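Peer 1: First, the structure itself, so that you have it in front of you.
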Amino acid sequence: MNVIFAIPMKVHYDISNLPSFQRAVLTIGTFDGVHYGHQQILEAVINSAKEVNGESVLITFHPHPRKIVSSAILGIRLITTMDERIQLLEKAGIDHLVIVPFTDAFANLSATQYIEDFLLTSFQPHTIIIGHDHQFGRNRTGDYALLESYQQKGNFLLKEIPKHLIENITISSTRIREHLSKSEIASANKLLGYDFFFHGTVVHGNKIGRTLGFPTANLRIEDAEKIIPGNGIYAVYAKPEGFAQPLKGMMSIGFRPTVDGKTRVIEVNIFDFDKEIYGEQLEVHVHQYLREEKKYENLSALVEQISKDKIQSLSVL
């Protein structure tokens, strides 16, 4: 029996020290969420690379270009952090991910400099796959037509991502963010093509969950731009550091109105788990929304409801 081992995706941060790509088939974009629409583009890139016995290359940017070229940076909420995007892109099967530092200098490259000094010099592409509305260079003056004019000089093929797919991607990204903020996790997950997930650092809380018989991992989200679902109780899968497989659990996001109601917290109760994981990272996959948070008359009533939440979580996980 032949055993095929997947080759890990190579991640490149230094664009001045890139390898010589073999018949590179590349696409460009932020790919926030790597959702179902993005996955269709990635599949096209990967298949095109296989057809020419080449390598699939995705070019993305960090930080998000809007933080550099737009004044409205406070509103940026990302579905995936860069680390999470790397995780998803590797799973998709991309050969190379090039993370371009999006600086003022890079943003101010003219459209011709972008093509000649960046795309052609750094990548020697066999094929470029982009949307017809793709814009690049200073003041976004470069477009598909300009790239077309370089095809013969650069000796590359140019393929267009269908207009309807580009529109669907934009709509999907917006809707995913809206669904997450409204606790509509089923709708968000459907558009993502997987369960929305995030990472948090386990920090000390006030240990109330432990006294109630449901010890929780209190999470601090390190990336301020990462979008977190709206308040409520959720059935989740949680993967502590060093664990190969995620464990079943439930999560509360909100102000804990029965206890104090002052600070918004994220708490995860991992079923049948008693390890100390303070300071470690916890990966949480949000599977299903159970109910809104509610203030109960006393702690006994709260415990009774949490017990019901656990039963419901186990039934859907």
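The values are calculated or read from the model by the stated rules, or taken from the named source; none is laboratory data. The structure presented is a predicted model; accordingly, all values stated were derived computationally and were not measured. Positions of Cβ are generated from backbone atoms using ideal geometry, with glycine treated the same way; all protein chains shown enter the neighbour counts. Quick note on the areas: whole protein, heavy atoms, side chains included, nothing else; ligands and nucleic acids left out. Shrake-Rupley method; radii C 1.70, N 1.55, O 1.52, S 1.80 Å.
Peer 1: Could you pull out the residue among 184, 225, 178 that is more than 17 Å from residue 282 (Cβ to Cβ), in contact with a Leu (Cβ under 6 Å, 6 or more places away or on another chain) and open to solvent by 30 Å² or more (accessible area, probe 1.4 Å)?
Peer 2: Only one candidate qualifies: 225.
Every residue, every condition in (1) at pLDDT 95 or above; (2) crowded, with 19+ Cβ neighbours inside 10 Å; (3) in contact with a Pro (Cβ under 7 Å, 6 or more places away or on another chain); (4) among the β-branched types (Val, Ile, Thr), yes or no:
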position: 50; (1), (2), (3), (4): yes, no, no, no
position: 58; (1), (2), (3), (4): yes, yes, no, no
position: 63; (1), (2), (3), (4): no, no, no, no
position: 66; (1), (2), (3), (4): no, no, no, no
position: 119; (1), (2), (3), (4): yes, yes, yes, no
position: 126; (1), (2), (3), (4): yes, yes, no, no
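Peer 1: Could I ask something else about it? Just wondering, is there one or more residues in region 140-154 that are basic (Lys, Arg) and within 22 Å of residue 23 (Cβ to Cβ)?
Peer 2: Looking for residues that are basic (Lys, Arg) and within 22 Å of residue 23 (Cβ to Cβ), one finds at least one in region 140-154, hence yes.
Peer 1: Let me ask something additional. Does region 140-156 contain any residue that is assigned to a helix (DSSP H, G or I), β-branched (Val, Ile, Thr) and open to solvent by 80 Å² or more (accessible area, probe 1.4 Å)?
Peer 2: The answer is no, given that none of the residues of region 140-156 is assigned to a helix (DSSP H, G or I), β-branched (Val, Ile, Thr) and open to solvent by 80 Å² or more (accessible area, probe 1.4 Å).
Peer 1: Give me the pairs, please: first residue somewhere in region 25-41 and without any contact (Cβ under 8 Å) to a residue 60 or more places away in the chain and on the phi < 0 side of the Ramachandran plot, second residue anywhere and open to solvent by less than 10 Å² (accessible area, probe 1.4 Å) and among the β-branched types (Val, Ile, Thr), beta-carbon distance under 8 Å, and either six or more positions apart or on two chains.
Peer 2: What qualifies is 30/60.
Peer 1: State all residues of region 4-13 that are open to solvent by less than 90 Å² (accessible area, probe 1.4 Å) and either aliphatic (A, V, I, L, M) or modelled with pLDDT of 95 or more (or both); if no residue qualifies, say none.
Peer 2: Hits for region 4-13 are 9, 11, 12.
Peer 1: Which ranges mark the strands (runs of 3 or more DSSP E) fully within region 206-270 that have 1 or more residues being aliphatic (A, V, I, L, M), closer than 17 Å to residue 185 by Cα and at pLDDT 95 or above?
Peer 2: 232-240, 247-254, 265-270
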